[in-house]
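Student: One structure, as structure tokens, below. Some questions next.
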Amino acid sequence: MSSNEIYELFYNLSTDLMCIAGEDGYFKQLNPAWTRTLGWTNDELLSEPLASFIHPDDVEATFIEVARQLSGETTEAFVNRYRCKDGSYRWLEWMTTSASEGNLFANATDITERKNAEKKIHRLAYTDPDTGMPNEVAFLEHLKETLNQNRYGFVASITLSELGDVIGTFGLEATDLIFYEVGERLSNQMNDKSLAARVGKRSFKITYIPNDKNINALKGIASKIFHILQDPFDLMGAEVFINVNMGVKEINVETSIVETMITDVEIALYEAMKSASSSLIFFQSSIKEGLIRNTQIVSWLHTSIENNEFQLFFQPQVNLRTNKIVGCEALIRWPKTTDKWISPAEFIPIAERAGLIGDITRWTVVEGCRTAAFWAEKYKLNIRVGVNISAEELASHGFLDYVSRYLEETKMLPESLEIEITETALMKDTDVASRNLELLHDMGVSVAIDDFGTGQASLAYIKNFQIDRLKIDQSFVKGALQNKTDRAIIVSVVKLAHSLGMDVIAEGAEEKQHIDLLTSLGCDEVQGYYIAKPMPADQFVEFAHAYS
Ligand code: C2E
Ligand code: CA
Ligand code: CA
């Protein structure tokens, strides 16, 4: 075979597309691969300007690339799309272009399969397989782009909860339907600048850029999306409701770092998730500061528990008929910082959430027992000492063990110990808590309901437990001088408590008028700044002896 013959064979059998094009913009010659690849006959390809076969979006770029190759500016391959006879397009990668005597010689490979595979891989990498929505990778890329463009809008992080009932009733698969529907609802709210993505099993994120620059409308849009997600879901004809928590952070010119944006929006979400029901929270720097403070307090609490850095203060409780001190409330103090001590109203809830309340309560109980026993023995001061007990602690298995052990160890009379619990502790109504209350009663320890009237427990509910005392919340006492309703509430609490054999103590009496009013409304005892503020144990002894 001559070299010409070999070349001809190659020219005819090659899968590469070879062509010669003229200066007039028409093909002059094409090898058979053109027809095999695109479906056009040779004549059809020769009779139209070659540009008419190129994808309209690629025509301009093609001519620029050809010119660059011919001028020697680049030897890099370039790609464009050619139209097939059936209307579809094939991707061609052009490798060599040269010119001679007004003719252009070029050679291309069909890379359509490779392009499709690439597209598929790209799609897989950027898509959530269950919902078909963009995934976290896509979200982050879109967010980065958005922040670079200095746009106004917001980022939201959404998580769904309370799916237990759905799973229990309809099975685990039903949750997939809900996730899918949530995705649909979110996607429907997006415009072409915005993106909704699924970033976890039950979590979604959105970047929303409004069409017009009305910054004030952002809150409205966020809350509209929040409400749309709360609409019931239809599962086999049944209406199902789920909990939606959503944290939102505004995008503005100052927010340009993706990581900060994500952190802040997660902080807002975390705040939203603290609520038992659906909740929408917009990020504020105070939330972040609160979290930092929280973390600081948890860390301090750990060391203070280890080093016994707490103190107990005592606030007198006076019988309104005899005007005698009959008891006191033990209130924890934490001299952590020199300037202003951290209030228990702040650190007790933090200790509860951090699982540290058990250690603290143990300490308050033993310290309360020790003090009461000491007062009784040394000063013949036999009064009731009330200790605050958190709901979780009352419901813990070890609680009764250590209370009885400390009573025994300190030789405190059980009758002198009172525990103060809130209505919430009763409402939880766990078996352990009820049993503990019963056993405490059998031991002779009394039980008071703290902050009465602010929780949900009705008096009818309370009669199921062995309760000795109701502590009317400070808010009613504060209002009672001006407010008829507050007075009426106090009167009815007193009446019902007495009819159920309970005593009533009012908290927060700050003025003589409070004392007089509470006496006239039938309260048995009172506690408040008017009598005295909480004070250290030794000071309390002096106060009690001087009081009459
Ligand atoms: P609480 O049990 O309702 O305690 C009464 C709070 O009201 C105390 O605040 C007390 O100092 C304050 N108070 C008493 N009389 C008056 C008054 O006339 N006017 C005003 N404005 N306030 C008055 P404190 O000591 O800051 O305690 C706050 C809360 O922290 C307590 O509320 C209780 O829920 C919790 N707490 C305090 N000590 C302990 C403790 O040892 N264990 C547990 N679990 N919680 C505690
Ligand atoms: Ca209390
Ligand atoms: Ca109280």
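The values are calculated or read from the model by the stated rules, or taken from the named source; none is laboratory data. Treat the numbers as computed from the prediction; the structure is a model and nothing was measured. We place every Cβ from the backbone using ideal geometry, glycine too, and count neighbours over all the protein chains shown. Keep in mind that these areas ignore ligands, DNA and RNA; they rest on the heavy atoms of the full protein, side chains included. Shrake-Rupley method; radii C 1.70, N 1.55, O 1.52, S 1.80 Å.
Student: For the range 144-182, give me each residue that is closer than 27 Å to Leu124 by Cβ, more than 20 Å from the chain's Cα centre (by Cα) and in contact (Cβ under 8 Å) with a residue 40 or more places away in the chain.
Tutor: Lys144, Thr146, Leu147, Asn148, Ala174, Asp176, Leu177, Tyr180, Glu181
Student: State whether the residues of the range 312-328 include one that is open to solvent by less than 40 Å² (accessible area, probe 1.4 Å), assigned to a helix (DSSP H, G or I) and either modelled with pLDDT of 95 or more or more than 16 Å from ligand 3 (Cβ to nearest atom) (or both).
Tutor: The answer is no; no qualifying residue exists.
Student: Please indicate, with yes or no, whether at least one residue in the range 313-325 is within 16 Å of ligand 2 (Cβ to nearest atom), within 16 Å of Ala546 (Cα to Cα) and of a type in the set (Phe, Trp, Tyr).
Tutor: yes
Student: Is it true that Gly501 is in contact (Cβ under 8 Å) with a residue 24 or more places away in the chain, away from ligand 1 (no atom under 16 Å from the Cβ) and out of contact with any strand residue (DSSP E or B) (no Cβ under 7 Å at 6 or more places or on another chain)? Reasoning before the result, please.
Tutor: Working: in contact (Cβ under 8 Å) with a residue 24 or more places away in the chain: no; away from ligand 1 (no atom under 16 Å from the Cβ): yes; out of contact with any strand residue (DSSP E or B) (no Cβ under 7 Å at 6 or more places or on another chain): yes.
Taking the combined requirement at face value, the residue does not satisfy it.
Student: What pairs come up if the first residue lies in the range 444-457 and is closer than 14 Å to Ala497 by Cα and aromatic (Phe, Trp, Tyr), the second is away from ligand 1 (no atom under 12 Å from the Cβ) and at pLDDT 95 or above, and their beta carbons are under 6 Å apart, counting only those six or more places apart or on different chains?
Tutor: Every condition considered, the pairs that remain are Phe452/Leu470.
Student: Going through the range 456-474 one residue at a time, which ones are at pLDDT 80 or above and either polar (S, T, N, Q) or within 16 Å of ligand 2 (Cβ to nearest atom) (or both)?
Tutor: Correct list: Asn464, Gln466, Ile467, Asp468, Arg469, Leu470, Lys471, Ile472, Asp473, Gln474.
Student: What's the number of the only condition in (1) within 37 Å of the chain's Cα centre (by Cα); (2) within 16 Å of ligand 2 (Cβ to nearest atom) that Ser434 fails to meet?
Tutor: In the conditions (1) within 37 Å of the chain's Cα centre (by Cα); (2) within 16 Å of ligand 2 (Cβ to nearest atom), Ser434 misses (2) alone.
Student: Is there a residue in the range 316-324 that is without any contact (Cβ under 8 Å) to a residue 60 or more places away in the chain and out of contact with any strand residue (DSSP E or B) (no Cβ under 9 Å at 6 or more places or on another chain)?
Tutor: The answer is yes; a qualifying residue exists.
Student: What residue, among those in the range 369-395 that are within 13 Å of ligand 1 (Cβ to nearest atom) and open to solvent by 30 Å² or more (accessible area, probe 1.4 Å), is nearest to the chain's Cα centre (by Cα)?
Tutor: Only one residue tops the list, namely Glu392.
Student: Then there is this: Criterion first (of a type in the set (A, V, I, L, M, F, W, C), loosely packed, with under 13 Cβ neighbours inside 10 Å, near ligand 1 (Cβ under 10 Å from one of its atoms) and not in a strand (DSSP E or B)) does Ala351 satisfy it? Quick ask: steps written out before the conclusion?
Tutor: On the way: of a type in the set (A, V, I, L, M, F, W, C): yes; loosely packed, with under 13 Cβ neighbours inside 10 Å: no; near ligand 1 (Cβ under 10 Å from one of its atoms): yes; not in a strand (DSSP E or B): yes.
Here the answer is no, as Ala351 does not meet what is asked.
Student: In the range 310-330, how many are near ligand 1 (Cβ under 9 Å from one of its atoms) and touching a Ser or Thr at 6+ places or on another chain (Cβ under 9 Å)? Spell out how you get there, then give the answer.
Tutor: First, the residues of the range 310-330 that are near ligand 1 (Cβ under 9 Å from one of its atoms): 310, 312-313, 315, 329-330.
Next cut, touching a Ser or Thr at 6+ places or on another chain (Cβ under 9 Å) only: 310, 312, 330.
Within the range 310-330, residues that are near ligand 1 (Cβ under 9 Å from one of its atoms) and touching a Ser or Thr at 6+ places or on another chain (Cβ under 9 Å) number 3.
Student: Shifting gears a bit: Could you tell me whether the range 119-138 includes any residue that is assigned to a helix (DSSP H, G or I), touching a residue at least 60 places away in the same chain (Cβ under 8 Å), surrounded by 20 or more Cβ atoms within 10 Å (Cβ to Cβ) and touching a helix residue (DSSP H, G or I) at 6+ places or on another chain (Cβ under 7 Å)? Before you say what the answer is, go through the steps one by one.
Tutor: Looking only at the range 119-138, we keep the residues that are assigned to a helix (DSSP H, G or I), and these are 119-126, 136-138.
Then drop every residue that is not touching a residue at least 60 places away in the same chain (Cβ under 8 Å), which leaves 136.
Among the residues that remain, those that are also surrounded by 20 or more Cβ atoms within 10 Å (Cβ to Cβ) are: none.
There is no residue in the range 119-138 that is assigned to a helix (DSSP H, G or I), touching a residue at least 60 places away in the same chain (Cβ under 8 Å), surrounded by 20 or more Cβ atoms within 10 Å (Cβ to Cβ) and touching a helix residue (DSSP H, G or I) at 6+ places or on another chain (Cβ under 7 Å).
Student: Continuing with this model, one more query. Which of the residues spanning the range 204-253 are part of a strand (DSSP E or B) and open to solvent by 70 Å² or more (accessible area, probe 1.4 Å)? So that I can check it myself, show each step before the final result.
Tutor: Taking the range 204-253 first, the residues part of a strand (DSSP E or B) are 204-208, 233-235, 238-240, 243-251.
Across the range 204-253, the qualifying residues are Asp234, Glu239, Glu250.
Student: Right, here's the next one. Search the range 1-41 for residues being acidic (Asp, Glu) and part of a loop (DSSP other than H, G, I, E, B), and hand back the single one that is least open to solvent (accessible area, probe 1.4 Å).
Tutor: Just the residues of the range 1-41 that are acidic (Asp, Glu), to begin with: 5, 8, 16, 23-24.
Going one step further and asking which of them are part of a loop (DSSP other than H, G, I, E, B), we end up with 16, 23-24.
Details: Asp16: 39, Glu23: 166, Asp24: 107 Å².
Going through the qualifying residues, I end up with Asp16.
Student: If you don't mind, another one. Which residue is farthest from ligand 2 (Cβ to nearest atom), if the candidates are limited to the range 504-524 and must be of a type in the set (Asp, Glu) and closer than 19 Å to Thr454 by Cβ?
Tutor: Narrowing the range 504-524 to residues of a type in the set (Asp, Glu): 507, 510-511, 516, 524.
From the residues that got through so far, the ones that are closer than 19 Å to Thr454 by Cβ too are 507, 510.
On the way: Glu507: 8, Glu510: 17 Å.
Only one residue fits best here, namely Glu510.
Student: Residue under question is Glu113, and the condition is that it be under 18 Å from Ala33 (Cβ atoms), out of contact with any Gly (no Cβ under 9 Å at 6 or more places or on another chain), part of a helix (DSSP H, G or I) and at pLDDT 90 or above; does it hold? Full working, then the answer.
Tutor: Details: under 18 Å from Ala33 (Cβ atoms): yes; out of contact with any Gly (no Cβ under 9 Å at 6 or more places or on another chain): yes; part of a helix (DSSP H, G or I): yes; at pLDDT 90 or above: yes.
So Glu113 fits the description; yes.
Student: Exactly one of these conditions fails for Thr109: (1) open to solvent by 30 Å² or more (accessible area, probe 1.4 Å); (2) more than 22 Å from Tyr26 (Cβ to Cβ); (3) in contact with a helix residue (DSSP H, G or I) (Cβ under 9 Å, 6 or more places away or on another chain). Give me its number.
Tutor: Going through (1) open to solvent by 30 Å² or more (accessible area, probe 1.4 Å); (2) more than 22 Å from Tyr26 (Cβ to Cβ); (3) in contact with a helix residue (DSSP H, G or I) (Cβ under 9 Å, 6 or more places away or on another chain) one by one, Thr109 breaks only (3).
Student: Quick one: would you say Glu346 is within 16 Å of ligand 2 (Cβ to nearest atom) and open to solvent by 60 Å² or more (accessible area, probe 1.4 Å)?
Tutor: Working: within 16 Å of ligand 2 (Cβ to nearest atom): yes; open to solvent by 60 Å² or more (accessible area, probe 1.4 Å): yes.
The answer is yes for Glu346.
Student: For the range 413-439, enumerate the residues that are of a type in the set (A, V, I, L, M, F, W, C) and either open to solvent by less than 10 Å² (accessible area, probe 1.4 Å) or at positive phi (or both). Break it down into steps so the answer makes sense when it comes.
Tutor: Step one: of the range 413-439, the residues of a type in the set (A, V, I, L, M, F, W, C) are 413, 417, 419, 421, 425-427, 432-433, 437, 439.
The answer is Leu417, Ile419, Ile421, Ala425, Leu426, Ala433, Leu437.
Student: Right, here's the next one. Quick check on Gln296: is it within 16 Å of ligand 2 (Cβ to nearest atom) and either open to solvent by 50 Å² or more (accessible area, probe 1.4 Å) or over 28 Å from the mean Cα position of the chain (by Cα) (or both)?
Tutor: no
Student: I need the full set of residues from the range 376-409 which are aliphatic (A, V, I, L, M), touching a Lys or Arg at 6+ places or on another chain (Cβ under 7 Å) and in a helix (DSSP H, G or I), in order please. Step through it out loud before you land on a result.
Tutor: Here is the first cut: in the range 376-409, the ones aliphatic (A, V, I, L, M) are 376, 381, 383, 385, 387, 389, 391, 394-395, 400, 403, 407.
Restricting the remaining residues to those that are touching a Lys or Arg at 6+ places or on another chain (Cβ under 7 Å) gives 391, 395.
Ala391, the sole residue that qualifies.
Student: Can you name the helices (runs of 4 or more DSSP H) wholly within the range 453-548 that have at least 3 residues being more than 26 Å from Leu312 (Cβ to Cβ)?
Tutor: Values: elements: 459-462, 474-480, 484-499, 512-520, 537-546.
Passing ranges, in order: 459-462, 474-480, 484-499, 512-520.
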